[in-house]
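Beneath this line is the structure, given in structure tokens, with notes to follow.
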Amino acid sequence: MKILVVDDQDDICEFMKDLLEVHGCEVFTAGSGEEALDITKEVDIDAAYLDICLPGMDGVETMKELMKRAKNTKFFLMTGAPDEDRVREGLDSGASACFMKPFQIADVLEAIGIISC
């Protein structure tokens, strides 16, 4: 499974990368929406975790752009500072879930079918 993690906090990207690679996933990380779009020009992803608060293009807008080229991809939002309107817009636009930071590891893994709780 190829997974994209988009967060402007390097420690979140590294944590998610380590967590998902242990479970056999190939993980790509990006620090911005623009970088995520560049990665997906080269790689077909199965799932993406996007922080809502990103520099430049936010996570919801990035997800909407990614959805245009990644039709069978599951999208998940993450946030440490919930903006209810952006969360609702993201969910209404096709995100499967929004995880509040700090999130539960089991929830992240269950969302993409790695474990079943």
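Please treat every number below as a calculation from the coordinates, not as lab data. Just so we're clear, the structure is a prediction, and the values are computed from it rather than from any experiment. When we count neighbours, we look across all protein chains shown, and the Cβ atoms used for this are built from the backbone with ideal geometry, even at glycine.
Structure notes:
- With respect to the conditions (1) touching a helix residue (DSSP H, G or I) at 6+ places or on another chain (Cβ under 9 Å); (2) in contact (Cβ under 8 Å) with a residue 60 or more places away in the chain, residue 57 lacks only one, and its number is (2).
- Restricting region 35-68 to residues that are more than 18 Å from residue 13 (Cα to Cα) and aliphatic (A, V, I, L, M), the residue that is surrounded by the fewest Cβ atoms within 10 Å (Cβ to Cβ): 67
- Region 15-34, subset surrounded by fewer than 14 Cβ atoms within 10 Å (Cβ to Cβ) and part of a helix (DSSP H, G or I), residue farthest from the chain's Cα centre (by Cα): 22
- In region 69-96, the qualifying residues are those that are buried (at least 19 other Cβ atoms within 10 Å of the Cβ) and of a type in the set (S, T, N, Q), and the one that is farthest from residue 112 (Cα to Cα) is 79.
- When restricted to residues that are aliphatic (A, V, I, L, M), part of a loop (DSSP other than H, G, I, E, B) and under 14 Å from residue 5 (Cβ atoms), region 35-91 contains 4.
- Checklist (1) under 21 Å from residue 15 (Cβ atoms); (2) of a type outside the set (S, T, N, Q); (3) free of Cβ contacts under 8 Å to residues at least 60 places away in the same chain applied to residue 94, failing item: (1)
- Candidate set from region 1-14 (those that are of a type in the set (A, V, I, L, M, F, W, C) and touching a residue at least 24 places away in the same chain (Cβ under 8 Å)); member that is surrounded by the fewest Cβ atoms within 10 Å (Cβ to Cβ): 1
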